[in-house]
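S.K.: Input: one structure, supplied below.
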Amino acid sequence: MADDATPQWSLESLTKAYQQGYMAGLTGQPRTRQPYPEEIPAAAWEAGWDDGFEQMRLQQHSA
């Protein structure tokens, strides 16, 4: 595969995807609403969702 055919993701764009996923998980949105078609930003979003969803669960248990 040629280097010019490989998409490049910036740390900023991956951080944004993570933050969006985190907020989605934190607010209880379903994981199936992941908006990214590309694998790398989708993985960042899903990692954020996992962390946000876990935080939501922890807050519910301590309430």
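S.K.: From the phi angles alone, apply the Karplus equation (6.51, -1.76, 1.60; θ = phi - 60°) to segment 9-25 and give each ³J(HN,Hα) in whole Hz, x where the residue is Gly or Pro.
M.R.: Here the 3J(HN,Hα) series is 10, 7, 4, 4, 5, 6, 5, 4, 4, 4, 4, 5, x, 4, 5, 5, x Hz.
S.K.: Rolling a 1.4 angstrom probe over the protein heavy atoms, how many square angstrom per residue are accessible across the chain?
M.R.: Value returned for the chain: 74 Å² of accessible area per residue.
S.K.: Next question, about the same structure. Using a Förster distance of 25 angstrom, determine the FRET efficiency expected from the C-beta separation of Arg31 and Ser10, and round it to 0.05.
M.R.: 0.55
S.K.: While we're here: Using a simple charge model, +1 on the beta-carbon of Lys and Arg, -1 on the beta-carbon of Asp and Glu, nothing else, what dipole does the chain show about its Cα centre, in debye to the nearest 20?
M.R.: The calculated dipole for the chain is roughly 420 debye.
S.K.: Any chance you could run the full-extension gain for Met23 through Leu58? It's 0.36 nm times the residue separation minus the Cα-Cα distance, nm to one decimal. Could the numbers behind the result be given before it?
M.R.: Values: separation 35, 0.36 × 35 = 12.60 nm, distance 1.47 nm.
Extra length available between Met23 and Leu58 comes to 11.1 nm.
S.K.: If one takes the longest principal axis of the Cα atoms in the chain, at what angle in degrees, from 0 to 90 and to the nearest 10, does the Cα axis of helix 39-62 lie?
M.R.: Tilt relative to the chain: about 10 degrees.
S.K.: Here is a follow-up. Could you tell me what fraction of 2.2 N^0.38 Å the Cα radius of gyration of segment 9-60 comes to, as a two-decimal ratio?
M.R.: 1.06
The values are calculated or read from the model by the stated rules, or taken from the named source; none is laboratory data. Remember, it's a predicted structure, so these values are computed and weren't measured experimentally. So basically every Cβ, Gly included, is an ideal-geometry build from the backbone, and we count neighbours across all protein chains shown. Just the protein is used for accessible areas: all its heavy atoms, side chains included, with ligands, DNA and RNA removed. Shrake-Rupley method; radii C 1.70, N 1.55, O 1.52, S 1.80 Å.
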